[in-house]
Every structure is written in structure tokens, then in C-alpha cells.
Amino acid sequence: MRRDVAARAPRPPPAAEQARALRVLDLLDAALPEARIALRFGSDHELLVSVILSAQCTDARVNLVTPALFARYPEPAAYARAEPEALWPFIQSCGLYRNKARSIVAAMRAIEERHGGKVPREREALEELPGVGRKTAGVVLIHLGAGQHFPVDTHVGRVSRRLGFTRELDPGKVERRLMTLLPPERWNRGHQLLVWHGRRWCAARAPDCGGCPVAALCPRRGVERVRATAPTRGAAPSSRRRRARRPSRP
Ligand code: SF4
């Protein structure tokens, strides 16, 4: 029986791997002192709305639309009274706006009905809100100051694999690995640093390994494959791209 439990328990990473991961975070912290959430919000529910809107959209785009949205809907109760369609004109440019409007209104209704108009600070309660998955809940909890979390978005996942922290593709498994590799007090900041690193240097299609502050510690897993499939700068555009670029006739 005891043997079964031991067989299922995840193996702790070797001490050298933990030390390397800590060193990576130290170097990124020094290189990115300005790394913090780029979304602008003034209250807990504005944070939640912004994070929902940021799915498959840039933070800059979200910041463009939220001032008017927040002015029109200053409290969760205001969203709760609205029909999702009323939000469309405000958030249309963020993409997936019908789903996002539905999620925001439904989440605010749940906050009103079940949480007294306050955004819950527990993961379970947050994840029960419509439109709030594990990653969104983690990001919201970090910025509510509710404990340590390591939400895994596309940047965190990609950077973690290239750095050799994990081979997993599933965000939940990447998150668990990062949480065994790094001590809890480094999780919140670690999340932020890996997001910024993924935007600044370790971009999906063209990682800037030459300028990367952690290059000496990185095995660059999968990077050659990315480079081999990325379009060569200056290469002749494909016929489909040539057609797309051709100006339309007046
Ligand atoms: S060396 Fe390259 S692959 Fe490794 S973290 Fe830096 S930018 Fe990413």
C-alpha cells in the first residue's frame, strides 16, 4: 500500500534543477524590474473584467476599451442588471466579444447573488464563476494579494519548455512542475517574470537568444525547430500572401 502511494507521488526535481530555476528568476528579476501586470484597473471587479477581456487579446487593447466600460458599469450590480448585448459596443474590438460579454454579466450576477457583490478571494469560488478558468483565477488571485499562485498562459508554458523546466504541454501539468521547482514565495513574481520574458526576448516565432539575460542557463529546447519553420527574413512571399497584399482595384 505504502509502495503504491510512493509510486504515484511526483518525484521532487533534483536540487541542481531547483537552483538553476531560482537563478533564472533572479536574473530575470534584475533584467525586468518593471515587470508587472499591464492591465489597468481600480477595483477587484475591474481586475476580473480586464482579465476576462484579455483572453486572446493584448493588454494594450483591453486598456483602450475598459475606461468607457468601467464608467458605464461602475459596480458589479450594474453589470448584473445589464443584458450581455449591451456590453458589445464597448468590447467589440477585443475579439470573442459575445462570449466575453456573456461571461462578464453572468460572473457579476453570481458575485451579486452568492458573494454579496464582492469578488471572492478563494480559488474554488472564483473558478465557479462563469468564464473563469484556472489561469484567470490564478491571475486574479495574484493581483488581489490572495496567496501565491503560478498561472500558466501561453508565454509561461513556452518559456518553461525552452528553459527545460518541463516537457509538458498541458498548462495544469506545467503549473504543478513549476510549483515543485520553485518555492511558494517565488510563484507570483515568477509568473510575472516568465510572462514578460516571453514577450520581451523569448517570443514564440523569433526568440532573441542573443540578447536574452538567461541564455547561459538555457538549453533552448525546441528553438532550432521553431527557427527552421519560421519564414526567412527577406524570403519571397508565398503566392497566397502575395495575393493578400495586392491592393484591391478601385
Ligand atoms: S536563450 Fe533563447 S530560448 Fe532560452 S530563454 Fe532565452 S530567448 Fe528563450
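The values are calculated or read from the model by the stated rules, or taken from the named source; none is laboratory data. What you see is a predicted model, and the numbers here were worked out from it, not measured in a lab. Don't worry about glycine lacking a Cβ; one is built from the backbone with ideal geometry, like all the others, and counts go over all protein chains shown.
Per-structure values
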quantity	calculated
Pair list, Cβ under 9 Å, 6 or more apart: segment 203-223 residue assigned by TED's automatic domain parsing to the domain that holds Glu168 and over 16 Å from Gly157 (Cα atoms), other residue within 8 Å of the ligand (Cβ to nearest atom) and among the aromatic types (Phe, Trp, Tyr)	Asp208/Trp201; Cys209/Trp201; Gly211/Trp201; Cys212/Trp201; Pro213/Trp201; Val214/Trp201; Ala215/Trp201
Of all residues making up segment 197-215, the number that are assigned to a helix (DSSP H, G or I) and in contact with a His (Cβ under 8 Å, 6 or more places away or on another chain)	3
All positions within segment 10-43 that are charged (D, E, K, R) and surrounded by 17 or more Cβ atoms within 10 Å (Cβ to Cβ)	Arg20
Boolean, Ala55 is assigned to a loop (DSSP other than H, G, I, E, B), of a type in the set (A, V, I, L, M, F, W, C) and under 19 Å from the mean Cα position of the chain (by Cα)	yes
Residues of segment 218-244 that turn out to be modelled with pLDDT of 95 or more and surrounded by 15 or more Cβ atoms within 10 Å (Cβ to Cβ), as a count	3
Helices (runs of 4 or more DSSP H) contained in segment 102-187 and holding at least 2 residues touching a Ser or Thr at 6+ places or on another chain (Cβ under 6 Å)	171-181
